[in-house]
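Quick note: the coordinates plus some simple rules give every number you see, no bench work behind them. This is a predicted model, so every value here is computed, not measured. When we count neighbours, we look across all protein chains shown, and the Cβ atoms used for this are built from the backbone with ideal geometry, even at glycine.
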Amino acid sequence: MTKFASILDAIGKTPVVKVGKLAPPDRNVYVKIEAFNPLGSVKDRLALAVIEAAEKSGQLRPGQTVIEATSGNTGIGLAMVCAQKGYPLVVTMAESFSVERRKLMRFLGARVVLTPAKDRGSGMVAKAVELAEKNGWFLTRQFENEANADYHEKTTGREIINDFAGERLDFWVTGYGTGGTLSGVSRVLRRERPHTKIIVAEPDVAPLLTEGGVQPRRPDGSASESHRAWKPHPIQGWTPDFIPLVAQEAIDRERIDRVVKISGADSIAWSRRLAREEGIFVGISAGGTFAAAVEVARESPPGTTLLAMLPDTGERYLSTPLFDGIGSDMNEEEKALSESTPGYRL
Ligand code: PMP
């Protein structure tokens, strides 16, 4: 379908693309590119899911303000959905996330309240709760909201089933932020493709899944303490400083077959290689997920087929280490090219 009633109908149905040069020989590595969503990330799905579920349940009234704590992509997706549907939006966000994210949300009409980096993901969540309680706003609770994984089960999971119908799919590879992608898609895969192994990538310096242990929670399921294995990492959108309730489902139901630890440096390196050698322009967490897929592909026999989730566009990272070394002025080689012909020199 190419004609839509509104921008919201253009969410999802993202393409699965076969990777060429970067795949180990004789392994079929596919990527599902969530950058094709209207606002460039997988979180457009969650944004639509939580707003429509709240409209249906009556938790969200016409014109009521929506609030959420987000490292960016959720806020950007929510800003689109709220703009289209006419809800004011307030986002709380740690000051450590990239500035283009704040500007994008403000451009879409949202208000962005920054919280101190030292208070981590938990700090921005606590601020959103404070503001919601004081003002009677609707808090979307992306880390606990059932609509998150439900929507991935209905959309992302189904899309994968349809795209690999009648074909091999040995491994499905993802990271987790809220765990919506992981828990939702893994429901469908376990039910309909039980032979597909589920691989989860996490930052090497914040190996919450590898370390395990019980995540302390409040009665509403939200995390009440940082996980002891967490340290700051550069892979925005991955692994907050706690295990979200939404992700806990996949852990408790034993849907994770293997956890792969990935460094920030490797995530960045693979994101750059995807851009330069495949023309696939995606963010840091996408590079990290792809790194895990390559690692698993290398250890698997020829003929193995893998699918890696690429959560967002690289355009969201202009001010981050992903773009280190990418200048805006001409470098020596470009200057030499400029001077190699007589006209139009700077
Ligand atoms: N990567 C990026 C860049 C993200 O914004 C997110 C969402 N927080 C994820 C990965 C993880 O997705 P999910 O919340 O569905 O686990």
GNM on the chain, C-alpha springs below 10 Å: top fluctuator among L46, L60, L22? L22
Taking the Cα centre as origin and putting +1 on Lys and Arg beta-carbons and -1 on Asp and Glu beta-carbons, what dipole magnitude results for segment 43-139, to the nearest 20 debye? 160
Estimated vicinal HN-Hα couplings, Hz - segment 163-175 in sequence order (Karplus 6.51, -1.76, 1.60; Gly, Pro = x): 5, 10, 4, x, 10, 5, 9, 7, 9, 10, 10, 8, x
Would you mind checking segment 266-292 for residues with the amide N under 16 Å from a putative spin-label position 7 Å along Cα→C-beta of V17? 270-291
Students often get this wrong, so check it: of K118/K197; K56/K134; K21/K231, which have C-alpha atoms separated by over 27 Å? K118/K197; K21/K231
With a 10 Å radius around each residue's Cβ, average the other Cβ atoms per peptide and rank 34-41, 301-308, 336-343, 153-160, highest first. 34-41, 153-160, 301-308, 336-343
Within segment 95-149, GluC sites (Glu not before Pro) in DSSP loop having at most 15 other beta-carbon neighbours inside 10 Å: E95
Dividing the alpha-carbon radius of gyration of the chain by 2.2 N^0.38 Å, where N counts its residues, gives 1.00
Under 14 Å Cα-Cα from K13, which aspartates and glutamates qualify once same-chain neighbours fewer than 8 residues away are excluded? E34, D44, E153, E159, D163
